[in-house]
Amino acid sequence: MTIASGAVHSDGAAQATRKPDKPKRPAAPTQRMTTTAWIALAAVYFVWGSTYLAIRYAIESIPPLSSAALRFTLAGLILLAFLAIRRGPSALRVTGRQLASAALIGTLLLLGGNGFVVLSEQYIPSGTSALLVASVPLWIVVWRAVAKDRPTARMLVGVLIGFAGLVVLMRPGGGGAHNYVLGVVLVLIASISWAFGSVASKVWLTPPKDPFVASGYQMVFGGIGCAIAAALHGEHFHPGAVTGTSVWATVYLVGAGSLVAFSSYVWLLKNAPISTVATYAYVNPVVAVALGALFLSETITLAVVVGGLIVVLGVAVVIATERR
């Protein structure tokens, strides 16, 4: 300290006119993957990847939108009840604007997003549906651009690569299923809706500050939206006709899919590097394709393999650029 002070005075007027160096910002704390974080990430990887198979079993005897309505309404009510018991009823108190935002986000994510995925599995293999949903990060870049968050050139390259993969997956007969193109279109609508809801929740809307409270309300409103859509779609839900397989699949979707995996994802967003968490977009489709082939004997065609790899490559470019 003394040496530095002497040097300043010996330089005379030249040093007197020098602007002081700007203080350095403190480095942001580094998030590391703990054992708990790896366990949570494994739940997101494999449980979310397995939900595509569970959806196929659930809609075996439950109409698709009715199945989604049942799943999300139950999961949302369970989560809100748990929070009220754990933290007190005041924890669920939100403003009218926050409640309206939660309703819109829940509709976009769970009716527009997941609801259309459930519908699509009537027409295309569950693994193909998962590969198409992997395009969500690409659509998020598009909606961020609409919100004037201009993407980099590398991101745009990733988006173009991913969209080329979607074109390959959209080939008629790519999965050998009836009304294949209709199923693909439904998943693309779902992906666009999910991406828009994700961006809107950050840019244009004001959901409840607590992510778990927000998730509970979103699931309840999303479930209600699915129920209304089911009625408009002409679905008739007959509880007496539901098979045991569909019951257990729905229980799995409510418990493991909507509560365990989603809660793990919310926790990871705060406790793990986002670039690591985002890798679920690579793993979920692989898990879904493998389970579909193993349990449902779904055909893995060359178009599915090539298109899926191209989509995942595009997503990898986007996420790697975002990490930088």
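The values are calculated or read from the model by the stated rules, or taken from the named source; none is laboratory data. Bear in mind the structure is a predicted one, so any value in this text is a computation, not a measurement. Ideal geometry is used to build each Cβ from the backbone, glycine not excepted, and the neighbour counts take in all protein chains shown.
Data table
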item: Count - residues of region 198-243 that are over 20 Å from Arg93 (Cβ atoms) and among the hydroxyl-bearing types (Ser, Thr, Tyr); result: 2
item: Residue match in region 227-248 (condition: of a type in the set (D, E, K, R) and either at positive phi or part of a loop (DSSP other than H, G, I, E, B) (or both)); result: yes
item: Count of region 295-310 residues which are among the hydrophobic types (A, V, I, L, M, F, W, C) and closer than 21 Å to Ala54 by Cα; result: 4
item: Any chance Thr245 is in contact with a helix residue (DSSP H, G or I) (Cβ under 9 Å, 6 or more places away or on another chain) and either at pLDDT 95 or above or surrounded by 23 or more Cβ atoms within 10 Å (Cβ to Cβ) (or both); result: yes
item: Given (1) at pLDDT 90 or above; (2) in contact with a Leu (Cβ under 6 Å, 6 or more places away or on another chain), index of the condition Leu253 fails; result: (2)
item: Residue in region 268-283 that is modelled with pLDDT of 85 or more, over 20 Å from Thr73 (Cβ atoms) and of a type in the set (Val, Ile, Thr) present; result: yes
item: Condition met for Tyr57 (farther than 20 Å from Ala229 by Cα, out of contact with any Pro (no Cβ under 6 Å at 6 or more places or on another chain), at pLDDT below 95 and surrounded by 10 or more Cβ atoms within 10 Å (Cβ to Cβ)); result: no
item: Leu302, sole failed condition from (1) surrounded by 17 or more Cβ atoms within 10 Å (Cβ to Cβ); (2) more than 14 Å from Leu41 (Cα to Cα); result: (1)
item: Residue selected from region 118-168 under the condition over 18 Å from the mean Cα position of the chain (by Cα) and hydroxyl-bearing (Ser, Thr, Tyr), by the criterion modelled with the lowest pLDDT; result: Thr152
item: Output for region 211-242, where each listed residue is of a type in the set (Gly, Ala, Ser) and surrounded by 15 or more Cβ atoms within 10 Å (Cβ to Cβ); result: Ala214, Ser215, Gly216, Gly222, Gly223, Gly225, Ala227, Ala229, Ala230
item: Evaluation of Thr206 against (1) part of a helix (DSSP H, G or I); (2) surrounded by fewer than 20 Cβ atoms within 10 Å (Cβ to Cβ); (3) more than 14 Å from the chain's Cα centre (by Cα) (one fails), failing number; result: (1)
item: Qualifying residue in region 68-88 (condition: in a helix (DSSP H, G or I), touching a residue at least 40 places away in the same chain (Cβ under 8 Å), within 16 Å of Trp194 (Cα to Cα) and not aliphatic (A, V, I, L, M)); result: yes
item: Contacts under 7 angstrom Cβ, first residue in region 216-244 being touching a residue at least 24 places away in the same chain (Cβ under 8 Å), partner among the charged types (D, E, K, R), 6 or more apart; result: Thr243/Glu60
item: Count of region 79-108 residues which are surrounded by fewer than 16 Cβ atoms within 10 Å (Cβ to Cβ) and among the hydroxyl-bearing types (Ser, Thr, Tyr); result: 2
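Results for (1) in a helix (DSSP H, G or I); (2) of a type outside the set (Val, Ile, Thr); (3) in contact with an Asp or Glu (Cβ under 8 Å, 6 or more places away or on another chain), shown as yes or no for each residue.
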| site | (1), (2), (3) |
| --- | --- |
| Lys148 | no, yes, no |
| Ile161 | yes, no, no |
| Ile189 | yes, no, no |
| Ile192 | yes, no, no |
| Ala200 | yes, yes, no |
| Phe212 | yes, yes, no |
